[in-house]
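Read through the structure below, which is laid out as structure tokens, and then see the notes.
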Amino acid sequence: MQDTDARLMAEIEARRDDLVALTQALIRIPTLNPPGRHYREICELIGDRLAGAGFAVELLRAEGARADSDRYPRWNVIARRAGGRPGDCVHFNSHTDVVEVGRGWTVDPFGGDLREGRVYGRGACDMKGGLAASIVAAEAFLACCPDFAGAIEISGTADEESGGYGGVAWLAEQGRFDPDRVQHVIIPEPLNKDRVCLGHRGVWWAEIETRGRIAHGSMPFLGDCAVRHMGAVLAEMEATLFPALAGRTTAMPVVPEGARQSTLNINSIHGGEAEPEPGYDGFPAPCVPDSCRIVIDRRFLIEEDLGEVKAEIAAMMERVRAARPGFAYEIRDMHEVIPSMTEADAPVVRTVSAAIQRVLGRGPDYVVSPGTYDQKHIDRIGRMKNCIAYGPGILDLAHQPDEWVGVDDMADSAKVMALTLAALLDPR
Ligand SMILES: [Zn+2]
């Protein structure tokens, strides 16, 4: 075993240039989401590459999924290479989409420049570097260990950044993550090469609307101002809700530490007259707002129950209603995900941890992500519990200008992935 590990690490070292070139090729396909561009091209790149390594490749369009259209089809790729003997299937899942570029770049966001040991570009760390590392890890393993048990699967999936409904959620609905098909899942999100991410907090998005009555702004007493009603809601949040959330902490090892408590963000507020059309430079008209809306983003802990999370907000709204004559409101559910956390002694956690120890000479930190990622679908729809996120790249760089991934970090995590395959697939 020692010997196999050493050969695998040397094999990855010999493939460094190839690892960089593959990462660059992936970055140069601008898979922006929304709206979801170039999914077919990136799936073909991944599929052609893995077909060359002996994988059976399927390109699957998530027809009928949210956001799938003929103009922006949601293409996914799954490649599978089976060994000569029965055994477990190890699946590496990466999302292929990237978020918008934004301002502040000093390099070409889709150039894939290599400078001082870093590859730059939108998606470099989140998560094309991790995808490339998993492909090179699998190829190195196959070169060293042609006789193995079980199977390796690698998928490139759509739409993680917008909820994963045209990607992992859809594939899970097709049974692609059923536990009798796949036994270990590793998602190479950029959690750093020395950390194992066990899961994520839960999320509930809702829109709250307060209602009033329109009237002339010079006689506001003839109307009822929805913005003032919302002001009362915000004041109640400050007085009671935020202190209550801050006092609730989790045993989940969430990083950063500030996310180890319940949190609530107010994503937006809209009330009164709509924004003027572009080009209009007149004044607004004087009206009492008859509607005000906020979108809340509530992140909750594994110790909390989603029903109680919703009931807490409803109770807060009822307190405001009791104190304000004529107060009318509505709460509309938008989106919800329950927390997910893989057991620290699950097989994939133990195996990847041992590989990190071998490659880096120290054991990993176990972390939980403040926000959700595709593990939610693998857990909830696929019912596959033996799943983690592990991959190269610094999470703080994700979605930032001048995003990059370190070549050393990619090579080290590719070694961890290759050693993981060796530990799980019984090579001879
Ligand atoms: Zn990501």
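Observations on the structure shown:
- Residues in the range 394-422 that are at positive phi and out of contact with any helix residue (DSSP H, G or I) (no Cβ under 8 Å at 6 or more places or on another chain): D402 alone.
- Qualifying residue in the range 293-302 (condition: out of contact with any Leu (no Cβ under 8 Å at 6 or more places or on another chain) and surrounded by fewer than 16 Cβ atoms within 10 Å (Cβ to Cβ)): no
- When residues of the range 277-299 are limited to those that are β-branched (V, I, T) and assigned to a strand (DSSP E or B), the one nearest to S369 (Cα to Cα): I296
- For Y366, the conditions (1) of a type in the set (S, T, Y); (2) surrounded by fewer than 22 Cβ atoms within 10 Å (Cβ to Cβ); (3) within 14 Å of the ligand (Cβ to nearest atom) are fulfilled apart from (3).
- Of all residues in the range 33-52, those satisfying the criterion of being touching a residue at least 60 places away in the same chain (Cβ under 8 Å) and either surrounded by 19 or more Cβ atoms within 10 Å (Cβ to Cβ) or hydroxyl-bearing (S, T, Y) (or both) are N33, G36, Y39, I42, C43, I46, R49, L50.
- Restricting attention to the range 389-417 and to residues that are of a type in the set (V, I, T) and buried (at least 24 other Cβ atoms within 10 Å of the Cβ), the residue that is farthest from the ligand (Cβ to nearest atom) turns out to be V416.
- Residues of the range 401-428 satisfying the condition of being closer than 27 Å to F110 by Cα and among the hydrophobic types (A, V, I, L, M, F, W, C): W404, V405, V407, M410, A411, A414, M417
- Some residue of the range 295-314 being touching a residue at least 40 places away in the same chain (Cβ under 8 Å), more than 30 Å from E343 (Cβ to Cβ) and out of contact with any helix residue (DSSP H, G or I) (no Cβ under 9 Å at 6 or more places or on another chain): yes
Where a number appears in this text, it was derived from the coordinates with a stated rule and is not lab data. Keep in mind the model is a prediction, meaning the values are calculated, not measured. No Cβ is skipped: glycine too gets one built from the backbone with ideal geometry, and neighbour counts run over all protein chains shown.
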